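The values are calculated or read from the model by the stated rules, or taken from the named source; none is laboratory data. Predicted model, so just to flag it, every value in this text is computed and none were measured. Note: ideal-geometry Cβ built from the backbone for every residue, glycine included; neighbour counts use all protein chains shown. SASA here: full protein model, heavy atoms, side chains in, ligands and nucleic acids out. Shrake-Rupley method; radii C 1.70, N 1.55, O 1.52, S 1.80 Å.
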Amino acid sequence: MSTNESSKIALLGLAAAGKTSYLEVLQQEFRALYDIKATIGVDRNKIRILGSDLYIYDYGGQQLYREDYLKNPSKYLSQIDLMLYFVDVQDMENLDNSVEYYKNLFKLPEIQTIDPEKIIIFIHKMDPEIKSDPRIRSRVKKIKENFNAIKKAQYYETSINDYWSIIFSFSGAFRKIRKIAEVLNKILKEFSRATFSSGVVLVDTNFLILDIHASNEENLKITDEGFQQFVGIWAKQAAEGNPPEKLQTELKGGKGYFQKFKYEDEEYYIMAYSRNPRTEKLILEKLPELANRIFEILMGFYFDED
Ligand SMILES: Nc1nc2c(ncn2[C@@H]2O[C@H](COP(=O)(O)OP(=O)(O)O)[C@@H](O)[C@H]2O)c(=O)[nH]1
Ligand SMILES: [Mg+2]
């Protein structure tokens, strides 16, 4: 898809909140994320998804930089399409500072004019072992109260030690700025429902997970692992000169069905995971239909639905 759409995503928050680490995890996961230019205090990255460019600005959070951004908002903070604000859930000592910075940001017209739907707060360093600790839960509540009092936002709980939290938060954020991603999400869900599958995943040429949908966390893991497995098998056969268009394999508790399709120069991959052998026929029938639908969406047909 060749739109010329591009978006600016701002990662903001205090120093050491975990912004750069979050970006590094994305970088490892998505080969398509490039560090394009480091400027003083602001590091610029580019990622190409579904034919359009996302520029991710990582704003250094040291006090000196923060003051500079607040004093020169037009230089640093203009034209932000999506704002991701990082709060460290493990550092309550600095909560007031973080709230203060958020508040000061919202005094600026550059920030006030961002669509409220496109402001997301990352309650970060929510490591798996502390996630359900009652003290941490009450911190989360407190964080939300404090930030909502300034400007109501959406929240994700994230940790670099929880791969899924990164994938989910990023694809959730991406859906906020790309209607096509929202449309893809809907049709994957529809497919899941219609085929009684436990998981379905759509991945692009760069192995960027465009969307993943599963009935629970365990199925999500199996779907993801199954997909990695498929990619391995597929790559091996491709190296031998006969890349398959379709594959099936046994996965934990069920079976996976893999299909590849091409759109322009890009390859896309879909995998459905099912725990019920009786749905096999249905899945084999619907998978090519799903590939077709996605193909049409990529061609821009989805605009007709408005
Ligand atoms: N426990 C934990 N530590 C994290 C997490 N994310 C980042 N950190 C650590 O927090 C520190 C600051 O992270 P950094 O990404 O440099 O913060 P930045 O200043 O906002 O860019 C580093 O030591 C990271 O390893 C996380 O999810 N969990
Ligand atoms: Mg940093």
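Computed values, structure above
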item: Nearest-ten-degree value, helix 280-298 long axis tilted from longest Cα axis of the chain; result: 50
item: Size descriptor, Kirkwood hydrodynamic radius, that averages inverse alpha-carbon separations across the range 6-177, Å; result: 16.1
item: 0 to 90° range, to nearest 10: angle between helix 19-29 axis and the chain longest Cα axis; result: 10
item: Mean shadow area of the chain, taken as a quarter of the surface of its Cα convex hull (nm²); result: 17.1
item: Members of K19/K118; K8/K189; K107/K151 lying beyond 19 Å, as alpha-carbon distances in this model show; result: K8/K189
item: Nonlocal amide H pairs with L210, under 5 Å, H built at 1.01 Å; result: L202, V203, D204
item: For the chain, accessible area per residue (1.4 Å probe, heavy atoms of protein chains only), Å²; result: 48
item: The chain: relative contact order in percent, alpha carbon pairs under 8 Å with at least 6 residues between; result: 14
item: Angle in degrees between helix 95-105 and the longest Cα principal axis of the chain, rounded to the nearest 10; result: 90
item: Burial ranking of peptide ranges 280-286, 123-129, 148-154 (average Cβ count within 10 Å, highest at the top); result: 123-129, 280-286, 148-154
item: The range 105-170 - percent of accessible surface contributed by carbon and sulfur, probe 1.4 Å; result: 52
